[in-house]
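**Q** Just passing along the structure, written as structure tokens.
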Amino acid sequence: MRKVLLVTAIAAIFVGACGPGQETAPAASTDADISLSGPVEVTLWHNQTGVLAKAFNDMVAEFNSTNGKGITVKGEDQSSGNSYTGIYQKMLGAIQAGATPDMVVAVENQVADYAKAGVIVELDPYINSAKNGLSKESLADIYKPYLESGKYPQYGNKSLSFPFVKSLEVLYRNDDLAKELGFAAPPKTWDEFEKQAKAALKTDATGKVTRWGVSTFSIDTFLGQVMNRGGSIVKADLSAVGFDGKEGLASLQILERCVNEGWCYIPKGFDWQDRFAEGNLLYVGATSTSIGFIIDTLKGKALNWSVVPWPDAGGAAKQIQFGGVVALTKTTPQKQLASWEFLKWFGDSKQTARWASASGYMPLRASAANDQALKDYWAKRPQSKQAFDLIPGSVAGPSIRGYQEIRDSIAEMETKITTKKAKAEDALAAAATRANTALKDNK
């Protein structure tokens, strides 16, 4: 019922904001080359809580005191506990009330929803502004996958968001167990991956499994594998999903064999961290932000572990990257430029290195690797540097309306496999049907 009400609310906002038949791409800005004429305050809705909130607020305070342009950023946690959904629900209400913040943290499919309501600023004029934009060198320093995720195919591939916090779906390896099993190197192919994972399976005298080869085949594990096999998440023309081909079936069948043969651990929440820290998991697929949680779970225990590339099936990307972006809302030329100035500052090499050191998220820029503070941080957490090195081989999911529903269909599909309620072929077909309906409903 909650989801039905939310969809109804979105529909009502779009009708009120755009009118019948008026869905258009956001108009190009003509205000990117102006100068700030006086003090200006802008509001940013974000989702940083706890220790991260303090680090973020400290950075905002520094920007406010040093920007020299009279800009004051007012950060407000609107997430209801670090939740993108929390901000999303409040943003829908703000759009309907005509009281949006100047900047909002979101994931890309949410920005695509906001853009349909006509409230999002196109960033290309700001990015490319000779006066206030980014130089070619600066733009090239930002990892391309991060910038690509800010382009929205349902809106003429225009840039409607800028990267904020980014993570990768990575593969964690218990190096001690791998050595014990005789595997000197991580698997290069998926066949090698299965061989190694199966070899890790161990049972006690009663037949109970006490050690597993892998845990947490997530949505992004599946999607990354599909793309690396040469498939796609959705077709280029957005007419249908692409994950339901032979690439998707081969990817899902690995999970099916894993479950049926007993060499994968099906976690309860995040208890895979306990199994990994105990030394009873060879591989885990999870977000790069899990590094800190693994360290905490180890509690000083001596365990050699690392972040390694996913097996390679011959395609391009191996890792799915994801995380928060920031979108600017249509307010005034002064507020929009002030907001852009903050995004530029937060995303520069020094600040992105500082934020990565404080938060565990990935830096946005290649040059951040030269920052001494970040080097010191990586020296203590080499797994974070290993994840950073995988960014060039990453790709984002499609920045489209309906992508969350597509992800939901994949989660449901994987649950059917892990609970043995469906065969891979049937679960994949059902997921594609549900996802295609979502695509159709969000055209």
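The values are calculated or read from the model by the stated rules, or taken from the named source; none is laboratory data. Since the structure is predicted, the reported quantities are computational estimates derived from the model, not experimental observations. Neighbour counts are summed over all protein chains in view; Cβ atoms, including those assigned to glycine, are modelled from backbone coordinates with ideal geometry.
**Q** Filter region 401-411 down to residues that are buried (at least 23 other Cβ atoms within 10 Å of the Cβ) and among the aliphatic types (A, V, I, L, M) and give me whichever is farthest from VAL308 (Cα to Cα).
**A** ILE406
**Q** Mind checking which residues of region 239-262 are of a type in the set (A, V, I, L, M, F, W, C) and farther than 12 Å from PHE217 by Cβ? Working first, answer last.
**A** Of the residues in region 239-262, the ones of a type in the set (A, V, I, L, M, F, W, C) are 240-241, 243, 249-250, 252, 254-255, 258-259.
Scanning region 239-262 gives ALA240, VAL241, PHE243, LEU249, ALA250.
**Q** Follow-up. Can you list residue pairs whose Cβ atoms sit under 9 Å apart, with the first residue in region 380-401 being without any contact (Cβ under 8 Å) to a residue 40 or more places away in the chain and the second being among the hydroxyl-bearing types (Ser, Thr, Tyr)? Count only pairs 6 or more apart in sequence or on different chains.
**A** LYS385/TYR377; PHE388/SER288
**Q** How many residues are within 25 Å of the chain's Cα centre (by Cα) and either within 30 Å of LYS344 (Cβ to Cβ) or surrounded by fewer than 21 Cβ atoms within 10 Å (Cβ to Cβ) (or both) if we restrict to region 154-192?
**A** Let us first name the residues in region 154-192 that are within 25 Å of the chain's Cα centre (by Cα), namely 154-174, 186-190.
If we keep only those that are either within 30 Å of LYS344 (Cβ to Cβ) or surrounded by fewer than 21 Cβ atoms within 10 Å (Cβ to Cβ) (or both) too, we end up with 154-170, 186, 188-190.
Adding up the residues that qualify gives 21.
**Q** Could you check region 135-190 and list, in sequence order, the residues that are among the aromatic types (Phe, Trp, Tyr) and either assigned to a loop (DSSP other than H, G, I, E, B) or within 30 Å of TYR114 (Cβ to Cβ) (or both)?
**A** Taking region 135-190 first, the residues among the aromatic types (Phe, Trp, Tyr) are 143, 146, 152, 155, 162, 164, 172, 183, 190.
If the condition is that a residue be among the aromatic types (Phe, Trp, Tyr) and either assigned to a loop (DSSP other than H, G, I, E, B) or within 30 Å of TYR114 (Cβ to Cβ) (or both), then TYR143, TYR146, TYR152, TYR155, PHE162, PHE164, PHE183 are the ones that fit.
**Q** What pairs can you find where one residue is in region 177-200 and closer than 16 Å to ALA250 by Cα and touching a residue at least 40 places away in the same chain (Cβ under 8 Å), the other is of a type in the set (Asp, Glu) and surrounded by 13 or more Cβ atoms within 10 Å (Cβ to Cβ), and their Cβ atoms are less than 7 Å apart, with a gap of 6+ or different chains?
**A** Pairs that qualify, where the first residue is closer than 16 Å to ALA250 by Cα and touching a residue at least 40 places away in the same chain (Cβ under 8 Å) and the partner is of a type in the set (Asp, Glu) and surrounded by 13 or more Cβ atoms within 10 Å (Cβ to Cβ), are THR189/ASP312.
**Q** So which of SER218, SER135 is of a type in the set (S, T, N, Q) and under 22 Å from GLN386 (Cα atoms)?
**A** Only one candidate passes the filter, namely SER218.
**Q** Scanning for something in contact with a Lys or Arg (Cβ under 9 Å, 6 or more places away or on another chain), assigned to a loop (DSSP other than H, G, I, E, B) and not charged (D, E, K, R), does region 400-416 turn up at least one residue?
**A** Yes; the residues of region 400-416 include at least one that is in contact with a Lys or Arg (Cβ under 9 Å, 6 or more places away or on another chain), assigned to a loop (DSSP other than H, G, I, E, B) and not charged (D, E, K, R).
**Q** Pick out the one residue from ALA387, ALA373 that is small (Gly, Ala, Ser), closer than 22 Å to ILE320 by Cβ and part of a helix (DSSP H, G or I). I'd like the intermediate steps shown before the answer.
**A** Working: ALA373 fails: closer than 22 Å to ILE320 by Cβ.
Of ALA387, ALA373, the one residue that is small (Gly, Ala, Ser), closer than 22 Å to ILE320 by Cβ and part of a helix (DSSP H, G or I) is ALA387.
**Q** Hey, among LYS179, LYS136, which residue is of a type in the set (D, E, K, R) and either outside the structural domain of VAL259 (by TED's automatic domain parsing) or in contact with a Pro (Cβ under 8 Å, 6 or more places away or on another chain) (or both)? It would help to see each step written out before you state the result.
**A** Numbers: LYS179 fails: either outside the structural domain of VAL259 (by TED's automatic domain parsing) or in contact with a Pro (Cβ under 8 Å, 6 or more places away or on another chain) (or both).
Just a single option satisfies the conditions, and that option is LYS136.
**Q** With the checklist (1) small (Gly, Ala, Ser); (2) more than 30 Å from VAL104 (Cα to Cα); (3) part of a strand (DSSP E or B); (4) in contact with a Ser or Thr (Cβ under 6 Å, 6 or more places away or on another chain) in hand, flag the one item SER306 doesn't pass.
**A** (4)
**Q** Please tell me if ALA205 is outside any loop (DSSP other than H, G, I, E, B) and either farther than 30 Å from ASP441 by Cβ or more than 20 Å from the chain's Cα centre (by Cα) (or both).
**A** In short, no.
**Q** Can you pull out every residue in region 218-253 that is buried (at least 22 other Cβ atoms within 10 Å of the Cβ), under 19 Å from the mean Cα position of the chain (by Cα) and not β-branched (Val, Ile, Thr)?
**A** Across region 218-253, the qualifying residues are ASP220, PHE222, LEU223, GLY224, GLN225, MET227, ASN228, PHE243.
**Q** Filtering region 49-78 down to residues that are assigned to a loop (DSSP other than H, G, I, E, B) and modelled with pLDDT of 95 or more, which residue is surrounded by the most Cβ atoms within 10 Å (Cβ to Cβ)?
**A** Out of the qualifying residues, it is ASN67.
**Q** Against the condition assigned to a helix (DSSP H, G or I), surrounded by fewer than 17 Cβ atoms within 10 Å (Cβ to Cβ) and without any contact (Cβ under 8 Å) to a residue 24 or more places away in the chain, how does ALA99 come out, does it pass?
**A** Criteria not met by ALA99.
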